[in-house]
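Chemist: I am attaching a structure below and will ask some questions about it afterwards.
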Amino acid sequence: MRVVGLMSGTSYDAIDAAAADLSLDGDTLVLTPLGMVSTSYDDDLRADLAAALPPAGADLATVCRLDTRIGRAFAAAAVRADEELCDGRADLVASHGQTVFHWAEDGRVHGTLQIGEAAWIAEATGRPVVSGFRTRDVAAGGQGAPLVSIVDVMWLRGRPGVPVALNLGGIGNVTVVPGGAQGTGGEPLAFDTGPANALIDAAVRALAGHDASGGAYTMDTDGALAARGAVHPPLLRRLLDDPYYARPAPKTTGKERFHLPYLRAALGQYGPLPAEDVVATLTRLTARTVADAIRPFGATEVIASGGGTRNPVLMAWLREELGRAGAAGGCVVRSSDELGLPAGAKEAYAFAVLGWLTAHGLPGTVPSCTGARRASVLGSITPGGPGLCLPRPPATAPVRLIVGGGSRLSISSLRCS
């Protein structure tokens, strides 16, 4: 089955569309990457989305307009991915949508909202669309995140030692797979570590001004600002005192908590600081909190993905933090590219897998990772143009995932029943 996975993360800078050919071999799901295309939100849509996100308020008219405009943007990305990556022969689209609110209070998630109406995608592509993945897990008592944990567990199962999958998007999240090849050591665990790029990006946009070409900074490209700055120890200590970091897993957070006003409140205790020093401090904050989150599990390898992997200063400081006294000895930090999944497209591929699971009537969560009472089949299915044809449930549900190679395309497994 050829599945297009659509993802726009908490940085809301672009829609990533990754296409995968997915086939079942016994209890192993084989994922053959077919490529990824990325489509930036246009400037007006991005600005309107940013203006509506917490802590700002948005009326229902604004939400409706954004839901429609983002749905159309996702539809255009899906059409492009189908044509360019699947030769127009995609079987299914799996759309994460754009998270605009994650209602978390007192360690519980009460609701979550992803917009980008799937009907626009189904109408434009003629393909069935799986969307609304997170809500079912929340209804089952889970955090609704990190949903990629089931893919991480299937993917890393059997690796030696204690592998940890790390995603550095706007928010950082980890999946710990204890026991490795021996299969012992307890249940897997997943949780959000805190901000990855969220506060760094907020500081850059608010404080860094314009680059040498006259364009406004939107991110710390190549970690250049952090490299020129110096960490401000009192600010770092102030930020590390946030109680979120001490909460037990499973836990989740988002830009509802870690946003520009949050940063300004912390900065208000000090005199004006150079933008480079603020960015350096926030980069160290990300490295420190990720390492602190990983350290107790005795990780032997960290497999990193997400936009943060393109920041060499962040990655160097993460390795440094993991190498401090008391950290896991011999912990290797590597990119997910080394295991066959491009670091910039891993989450989009993960949602392609989640869509495949839903289409086959299979659960898409690991309860120990999200905190749910039970594993759930995720999302809703919007029929494509010809009607709804779903594959027959497999006799054996996959427990492992391997990444294949080459340009092989499998025969579609869709059957009308």
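The values are calculated or read from the model by the stated rules, or taken from the named source; none is laboratory data. For clarity, every value in this text was computed on a predicted model and none was experimentally measured. Every residue, glycine among them, receives a Cβ derived from its backbone with ideal geometry; neighbour counts consider all protein chains shown. Note: accessible area is taken over every heavy atom of the protein model, side chains too, but ligands, DNA and RNA are not part of it. Shrake-Rupley method; radii C 1.70, N 1.55, O 1.52, S 1.80 Å.
Chemist: Which of 230, 363, 63 sits farthest toward the positive end of the charge dipole of the chain, with +1 on the Cβ of Lys and Arg and -1 on the Cβ of Asp and Glu?
Modeler: 363
Chemist: Could you tell me which of rounded, prolate or oblate describes region 1-75, using a ≥ b ≥ c as the square roots of the eigenvalues of the alpha-carbon gyration tensor, with rounded for a/c under 1.5 and, failing that, prolate when a/b is larger than b/c and oblate otherwise?
Modeler: prolate
Chemist: So with the 1.4 Å probe, I'd like the accessible area per residue for region 22-177, rounded to whole Å².
Modeler: 38
Chemist: Calculate what fraction, in whole %, of the accessible area of the chain sits on carbon and sulfur atoms when a 1.4 Å probe is rolled over the protein chains.
Modeler: Reported share for carbon and sulfur atoms: 53 percent.
Chemist: What ³J(HN,Hα) values, in whole Hz, does the Karplus curve 6.51 cos²θ - 1.76 cosθ + 1.60 give for region 90-103 when θ = phi - 60°, with x put for Gly and Pro?
Modeler: 5, 9, 7, 10, 10, 10, 6, x, 10, 5, 10, 7, 10, 7
Chemist: How would you order 260-273, 16-29 from highest to lowest mean count of nearby Cβ atoms within 10 Å?
Modeler: 16-29, 260-273
Chemist: Could you pull the Rg and Dmax for region 40-195, using just the Cα atoms, both in Å?
Modeler: 18.0, 54
Chemist: Next question, about the same structure. So how compact is region 104-149: Cα radius of gyration and Dmax in angstrom?
Modeler: When restricted to Cα atoms, region 104-149 yields Rg and Dmax of 13.2, 42 Å.
Chemist: Also, quick follow-up: With no solvent and one point on each alpha carbon, what is the Debye value of log10 I(q)/I(0) for region 192-330 at q = 0.20 Å⁻¹?
Modeler: Log10 I(q)/I(0), no solvent term: -1.28.
Chemist: Using Cα pairs under 8 angstrom and six or more residues apart, how large is the relative contact order of the chain, in percent?
Modeler: 24
Chemist: Among 40-51, 196-207, 334-345, what's the highest-first ranking by average C-beta atoms within 10 angstrom per residue?
Modeler: Packing order, densest peptide first, comes out as 196-207, 334-345, 40-51.
Chemist: Further, regarding this structure: Check which residues have an amide H placed less than 5 Å from residue 34's amide H, if you skip close sequence neighbours.
Modeler: 19, 20, 21
Chemist: Run the Debye formula on the Cα coordinates of the chain, all scatterers equal and no solvent, and tell me log10 I(q)/I(0) at q = 0.09 1/Å.
Modeler: Here the Debye-derived log intensity ratios amount to -0.52.
Chemist: Hey, with R₀ at 41 Å, roughly what FRET efficiency would residue 61 and residue 399 work out to, going by the Cβ-Cβ distance, to 0.05?
Modeler: After rounding, the FRET efficiency stands at 0.30.
Chemist: Continuing with the same structure: Would you work out which of 285, 186, 207 lies farthest towards the positive end of the dipole of region 159-295? Charges go on Cβ: Lys and Arg +1, Asp and Glu -1.
Modeler: 186
Chemist: Rounded to whole Hz and in sequence order, give me ³J(HN,Hα) for region 54-69 from the Karplus expression 6.51 cos²θ - 1.76 cosθ + 1.60, θ = phi - 60°, writing x for Gly and Pro.
Modeler: x, x, 5, x, 9, 7, 5, 4, 5, 4, 4, 5, 5, 4, 5, 5
Chemist: If amide H atoms are built 1.01 Å from N in the plane of the peptide, which residues on other chains or at least 5 residues away come under 5 Å of the amide H of residue 133?
Modeler: none
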